[in-house]
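Student: Here you go, one structure.
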Amino acid sequence: MKDVKDLMAKRLTKNQITLLASIAQIADREDINVYIVGGFVRDLLLNIKNFDVDLVVEGDSVNFAEIIAKEFDGLFKSHARFGTSVVVLQDQSRIDVAMARMESYPFPGALPKVEPSSLDKDLSRRDFTINSMAIKLSGEGAFSLIDYFNSEKDLKAGSIRVLHSQSFIEDPCRIFRAIRFEQRFRFCIEDQTKDFMRSAIDNNLVDQLSGTRLMNEIRLILRE
């Protein structure tokens, strides 16, 4: 595994480094595996500032989030149904904490049903390879990059690629996200992923989205 501790020291702010080091210490004390995931990792490798910290916990994520909130005197809110929590620190920065999980979708556009799982299963359910990397924060191999899907290679190539053929069927919102990331980073949507997008559109899967979810995606695109 690739050690990214020095890279983090170069590209993150002093406050970010201090925060992540403290979270790592708490995870070691609680003997629990904790990882930074998603956009934070992607943007670190791209040398883009990103102050949104997303954590995945192999274990009781709600309890871990509550511990973080107490340690930093922050506000805590959980969504037990999905195993997710939000901690808002005193400087108003936000930490999202989720259990490592698997998701299943009753029908296209539906909210997922979740169940606890391992990190590799959690990363395999994500939208695109460039968002499926993690950095381990605790235990052996701390501050190493975890990349199961050649994600860093796609990142360097500027390629938007789904992880599996059912991606847009499970969540048609990913069609909008693919376009958003393509435009934001000046990347290209790779050919197979384009074919999956066209198939989902031809089968009217976007129509399965609720008005709220569709409007949220439109707002996000317009912000860009």
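Student: With N residues in the chain, what two-decimal value do you get for its Cα radius of gyration over 2.2 N^0.38 Å?
Tutor: Details: Rg = 17.5 Å, N = 224, 2.2 N^0.38 = 17.2 Å.
Relative to the rule-of-thumb radius for its length, the chain sits at 1.02.
Student: Among 213, 101, 11, whose mean-square fluctuation peaks in a Gaussian network model of the chain (Cα, cutoff 10 Å)?
Tutor: Largest GNM mean-square fluctuation: 213.
Student: Okay, next question. Run through every distinct alpha carbon pair of segment 94-210 and return the Kirkwood hydrodynamic radius in angstroms, one decimal place.
Tutor: About 15.3 Å for segment 94-210.
Student: Right, something else. Along each principal axis of its Cα atoms, how long is segment 56-155 end to end? Whole angstroms, biggest number first, please.
Tutor: Over segment 56-155, Cα extents along the principal axes are 38, 36, 23 Å.
Student: Say each of residue 180 and residue 215 gets a label point 7 Å from the Cα, pointing the same way as Cα to Cβ; how far apart are those two points in nm?
Tutor: Those two pseudo-labels are separated by 1.6 nm.
Student: Can you give the FRET efficiency for residue 63 and residue 202, using 1/(1 + (r/R0)^6), R0 = 45 Å, r = Cβ-Cβ distance, to the nearest 0.05?
Tutor: In this case the efficiency is close to 0.50.
Student: So which of 10/77; 49/113; 77/113 end up more than 23 Å apart by C-alpha?
Tutor: 10/77; 49/113
Student: First compute the accessible area of segment 22-129 with a 1.4 Å probe, then give the percent of it belonging to carbon and sulfur atoms.
Tutor: Exposed carbon and sulfur together represent 48 percent of the surface.
The values are calculated or read from the model by the stated rules, or taken from the named source; none is laboratory data. Predicted, not measured: the structure shown is a model, and the values here were computed from it. All Cβ positions, even for glycine, are placed from backbone atoms using ideal geometry, and neighbour counts span all protein chains on display. Heavy atoms of the whole protein, side chains included, go into the accessibility calculation; ligands, DNA and RNA do not. Shrake-Rupley method; radii C 1.70, N 1.55, O 1.52, S 1.80 Å.
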